[in-house]
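Shown next, in structure tokens, is the structure this report addresses.
The values are calculated or read from the model by the stated rules, or taken from the named source; none is laboratory data. The model shown is predicted, which means the values in this text are computed figures rather than measured ones. Quick reminder, even Gly has a Cβ in these numbers, built from the backbone with ideal geometry, and neighbours come from all protein chains shown.
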């Protein structure tokens, strides 16, 4: 048992998902296709040839999943609203059946005593906007997103207090428009900052739309923030780390909170810099109520990997470090280094970089090779991972970081983008043939941690070590 500082009494413990990754029902009840429907229906894009057509079948299992959320004792649940489920063509009439689905979900959460946190864009752009406008290569798309955001706020804002405009805009842009390994599958690295700027503009307009519809709402954005370390202590690797921080982190933080893009990045990109119009930066800098941070690991930068980007041949694969694994270091099933210090480093970054906003860890988790044994999933590595990262969150709070909550990625095993259904992050295991659900040991451990926090909020308490989740409700592991 490792003694660690207890969390603040109001600290929020939750779990997160995204619409395309869990909902399924890709063409049911009036939903329009998304760019991920198009992308996955084209052979060769997904490593295991799966799609999100069914995924975790959450659309048909809302009541069951709400019961599981209650059983886990979560304070909050972060989910995303599918734009093409609510507005099938991305603009034009709303789909009442789509809105009704999210009404049912929100009501089920509230009945379970769980606070909903709603993400408005988690990468599933309506395919019609991609086909007709070029998606976010066209700044007009930002206006349509703001209109959608306002509709959702009007529909759900009487019961939802926290809205997140975008999830990881820089990752969506890099992987989908430069590397081409995510939807919409473009390999046009020269578009990186142009598309990202349009997304940041969409964020600002959406934040304004939500506040206009629901002035009392709390609005934020979620960014994937990654500590970038030089692989070796050399001038060239230190320069690579500096540029990597600008490329991955400051490229969003600076326009949000400093009113500009990183000077070094603009200087290097030259004519490939974003097309900033009058008033854009003021819109992007619309006052927020909180910042969501996703973190899983770090990047060890070396001078070779950023040269392809400067030559406009950037590929997302160039930042993969599988061939540079460190001896004695654990890696997840997707090849990411287990480095708990990363979450401490991003949470304790200069508060001015974050606009002095309250922080939420909106995603943190790991994929491991889970197996069902005797009706249970003994995912000890995931328990150890969550324990180690949560200890670092606690240390960040002790160091003065204003961290208000933590959301595990993810609630359910899901469709993990280009990895398909082969990589499992969930607290809850899903048999994709039967949709049978089993709460993993990590889910039981997390439930017990939340329960201990509720009872000992003002005391120093142990976080239970990874080998011993409670077995007090073994009969509740499995549900159909």
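Matching residues to (1) crowded, with 18+ Cβ neighbours inside 10 Å; (2) closer than 27 Å to residue 49 by Cα; (3) touching a helix residue (DSSP H, G or I) at 6+ places or on another chain (Cβ under 7 Å):
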| position | (1), (2), (3) |
| --- | --- |
| 370 | yes, yes, no |
| 384 | yes, no, no |
| 391 | no, no, no |
| 401 | yes, no, yes |
| 414 | yes, yes, yes |
| 417 | yes, yes, no |
| 432 | no, yes, no |
| 435 | no, yes, no |
| 438 | yes, yes, no |
Checklist outcome for this item: Reported set for segment 148-171 where residues are within 25 Å of residue 293 (Cα to Cα) and out of contact with any helix residue (DSSP H, G or I) (no Cβ under 7 Å at 6 or more places or on another chain) is 161, 162, 164, 167, 168, 171
Item to check | Hey, residue 204 more than 22 Å from residue 147 (Cβ to Cβ) and either in a loop (DSSP other than H, G, I, E, B) or more than 17 Å from the chain's Cα centre (by Cα) (or both) or not | outcome: no
Item to check | Filter result for residue 92 (buried (at least 21 other Cβ atoms within 10 Å of the Cβ), over 19 Å from the mean Cα position of the chain (by Cα) and closer than 22 Å to residue 206 by Cβ) | outcome: no
Item to check | Selection count where residues are surrounded by fewer than 19 Cβ atoms within 10 Å (Cβ to Cβ), in contact with a helix residue (DSSP H, G or I) (Cβ under 8 Å, 6 or more places away or on another chain) and part of a strand (DSSP E or B), scope segment 207-228 | outcome: 0
Checklist entry - Among all residue pairs at least 6 apart or on different chains, which show Cβ distances below 7 Å where the first residue, located in segment 417-446, is part of a strand (DSSP E or B) and the second is surrounded by fewer than 17 Cβ atoms within 10 Å (Cβ to Cβ) and at pLDDT below 95? => result 436/480; 437/479; 438/478; 439/476
Next on the checklist: Could you go through segment 31-53 and let me know if any residue there is touching a residue at least 40 places away in the same chain (Cβ under 8 Å), in a loop (DSSP other than H, G, I, E, B), touching a strand residue (DSSP E or B) at 6+ places or on another chain (Cβ under 6 Å) and surrounded by 18 or more Cβ atoms within 10 Å (Cβ to Cβ).
Outcome noted: yes
Checklist entry - Residues in segment 302-316: is at least one under 25 Å from the mean Cα position of the chain (by Cα), outside any loop (DSSP other than H, G, I, E, B), surrounded by 15 or more Cβ atoms within 10 Å (Cβ to Cβ) and modelled with pLDDT of 95 or more? => result no
Checklist entry - For residue 459, all conditions in the list (1) modelled with pLDDT of 85 or more; (2) surrounded by fewer than 13 Cβ atoms within 10 Å (Cβ to Cβ); (3) out of contact with any strand residue (DSSP E or B) (no Cβ under 8 Å at 6 or more places or on another chain) hold save one; what is the number of the exception? => result (1)
Checklist entry - Could you list, in sequence order, the residues of segment 6-30 that are assigned to a strand (DSSP E or B) and more than 19 Å from the chain's Cα centre (by Cα)? => result none
